[in-house]
Amino acid sequence: MKNALITGVTGQDGSYLAEFLLEKGYTVYGLRRRTSTPNYENVQHIKDRIRWISGDLTDLASLIEAVRSADPDEVYNLAAQSFVASSWPQPLATGQMTALSVTNMLEAVRIAKPGARFYQASSSEMFGKVVETPQKETTPFYPRSPYGVAKVYGHWITVNYRESFGMFACSGILFNHESPRRGLEFVTRKVSDGVARIKLGLANELRMGNLDALRDWGFAGDYVKAMWLMLQQDEPDDYVIATGEMHSVRELLEIAFSYVGLDYRDYVVIDPEFVRPAEVDLLLGDCSKAKEKLGWSLDVGFRELVHMMVDADLKRVKAEQNMQYA
Ligand code: NDP
Ligand code: GDR
């Protein structure tokens, strides 16, 4: 049986990946940082099956110790400051957690378990400004945020450790992927939560930024399978993972509001607070390489994903309401 170490296991992707690997019979070790309030919402149902290791991305000693004690066959480096909008007010923290920390993890693996296979969570945000559409592994990077810049560093340092030290290191260039476990500030979840609150009479507006942005949105549960597949190949490589379909934020709003019988135009207010200093106008991925070499495919389409998220938030908000009045 294999051991896997996941950083960022309390996040959206980490929780789906942990479930997936447990299902496959892996012993799953999860790195968790110290927080003042416990943060197990996404992994509550599998919390007792994960072997927890305390550590922080920015603390190399803790990462070396984590790799030593997990003795992993596979390391999935998912932890990061992952919210693009926060990377402008916190550019240095983002640089530490999203860029330099990748070197910390690679060093920890190189020192403590050089034979372990390594997955780096790279991002379509690295493509940024449109240079080529659709975007694939060979498309040049032009990041548009401190987050995107940090991810470019993380990507290249992963490639560099593969080429310098012969490590089995892969970089997955994943386009946006969402789920009911998405953080509340990301646009899909902000919309599904907003729709639920408006439908249940707890809010009467939803304040949004740029409705014209176009994204290639998939389901997180489908995307973690691609991470695993990358580490099962004979050779390490980099892969784009995407749906190959693009939708606007406006379309997202239309689908989510109309699902509960509402018109988004009656509730959405444009608020400059949510407009970014520099925007990525369009992301559309070409994942032919992953389809062909990994045999990867997706199960959940965009409309189904939005409906799944609205259903989950309606259920959650209702349950919160009931608890309040109980
Ligand atoms: P989340 O924001 O949901 O999760 C981030 C995780 O990183 C959390 O578990 C968080 O812990 C952990 N973390 C943050 N800082 C530290 C630190 N200093 N030390 C230890 N752990 C830390 O992200 P996602 O699950 O959505 O994304 C996973 C990865 O994939 C990220 O690297 C993201 O940038 C990247 N990515 C995501 C895409 C997406 O669409 N979701 C697309 C492409 C790339 P805590 O719970 O304590 O905050
Ligand atoms: P993104 O995701 O920046 O693509 O990064 P996010 O959901 O935050 O934004 C998507 C697009 O929606 C527009 N938008 C808004 N976004 C938010 N959050 N809130 C709003 O009110 C709003 N109004 C419009 C944004 O301007 C943007 O164009 C995600 C993260 O998961 C990264 O970690 C990951 O690397 C990339 O996806 C791929």
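Taking amide H positions as modeled 1.01 Å from N, with prolines and chain starts lacking one, the residues under 5 Å from Q135 and 5 or more places away or on another chain are L284, G285, D286. Legend: translational diffusion of the chain by Stokes-Einstein, Rh = Kirkwood radius over C-alpha pairs, 25 °C, 0.890 mPa s; D = 121 µm²/s.
To the nearest 10 degrees, how steeply does helix 12-23 sit against the main Cα axis of the chain, on a 0 to 90 scale? Long axis of 12-23 versus the principal axis of the chain: about 60 degrees. Rg and Dmax over the alpha-carbon atoms of region 53-100 stand at 12.6, 37 Å.
Taking 22 Å as the straight-line reach from the Cα of K136, the lysines in range (excluding those fewer than 8 positions away in the same chain) are K151, K225, K289, K291, K293. Listed values for region 177-193 are Karplus-derived 3J(HN,Hα) couplings in whole Hz (6.51 cos²θ - 1.76 cosθ + 1.60, θ = phi - 60°), namely 9, 10, 4, x, 9, 5, x, 5, 8, 6, 4, 5, 6, 4, 6, 5, 5, and x replaces Gly and Pro.
The angle between the Cα long axis of helix 101-112 and the main principal axis of the chain comes to about 30°, on a 0 to 90 degree scale. Taking amide H positions as modeled 1.01 Å from N, with prolines and chain starts lacking one, the residues under 5 Å from A121 and 5 or more places away or on another chain are N77.
Each 10 Å bin from 0 upward holds the following percent of the Cα-Cα pairs of region 154-273: 12, 34, 25, 16, 10, 2.
Pairing the Cα long axis of helix 220-231 with the longest principal axis of the chain, what angle in degrees results, from 0 to 90 and rounded to the nearest 10? With rounding to tens, the tilt is 10 degrees.
Bear in mind these aren't lab numbers, they're just calculated from the coordinates by the rules spelled out. Quick caveat, the model's predicted, so the values are computed rather than measured.
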